[in-house]
Amino acid sequence: MEERGAGYLRVGVKNGGCAGMEYVMDYAMAPEPLDEVVEDNGVTILIDAKAVLFLLGSEVDYEVTPLHEKFVFNNPNQTDACGCGESVTIVPAANA
């Protein structure tokens with residue numbers, strides 16, 4: 001993060017891909033006014049306000065294997081994913 005000159009990682013979703021939505025990540029200098037700030041295990045991330053209902057209850061992990069290093073989303077609101085894993089189908093959380 002320091003190399004990028006940013007203080008936060010912002011997580012969100014966007015329309016795209018064959019399954020309908022894609023997870024997106026970007027660096028941010030500061031939270032936007034409506035961002036949700038989440039802190040856990042010494043890590044602080046920002047959730048884009050437009051994505052909160054799609055990401056409620058999600059866990060984000062960083063996975064390292066001999067073949068790849070990547071962020072992995074465990075999202076209870078995700079109902080499907082495309083074959084390549086690049087896009088997902090997500091429904092907004094109920095009773096939020």
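The values are calculated or read from the model by the stated rules, or taken from the named source; none is laboratory data. What you are looking at is a predicted structure, and each value in this text was computed from that prediction instead of being measured. Quick reminder, even Gly has a Cβ in these numbers, built from the backbone with ideal geometry, and neighbours come from all protein chains shown. What goes into the accessible areas is simple: the full protein's heavy atoms, side chains included, and nothing from ligands, DNA or RNA. Shrake-Rupley method; radii C 1.70, N 1.55, O 1.52, S 1.80 Å.
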task: Residue by residue through segment 39-84, note down the ones that are over 14 Å from the mean Cα position of the chain (by Cα) and within 18 Å of Cys18 (Cα to Cα).
output: Thr79, Asp80, Ala81, Cys82, Gly83, Cys84
Within segment 54-66, considering residues that are touching a strand residue (DSSP E or B) at 6+ places or on another chain (Cβ under 9 Å) and over 13 Å from Gln78 (Cβ atoms), the one least open to solvent (accessible area, probe 1.4 Å): Glu63
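Being open to solvent by less than 70 Å² (accessible area, probe 1.4 Å) and either more than 16 Å from Ala93 (Cα to Cα) or in contact (Cβ under 8 Å) with a residue 24 or more places away in the chain (or both) is the filter here; which residues of segment 38-51 pass it? Let's see the steps before the verdict.
First pass over segment 38-51, keeping only residues open to solvent by less than 70 Å² (accessible area, probe 1.4 Å): 38, 44-49, 51.
Scanning segment 38-51 gives Val38, Thr44, Ile45, Leu46, Ile47, Asp48, Ala51.
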statement: Of the residues in segment 81-96, those that are assigned to a strand (DSSP E or B) and open to solvent by 90 Å² or more (accessible area, probe 1.4 Å) come to none
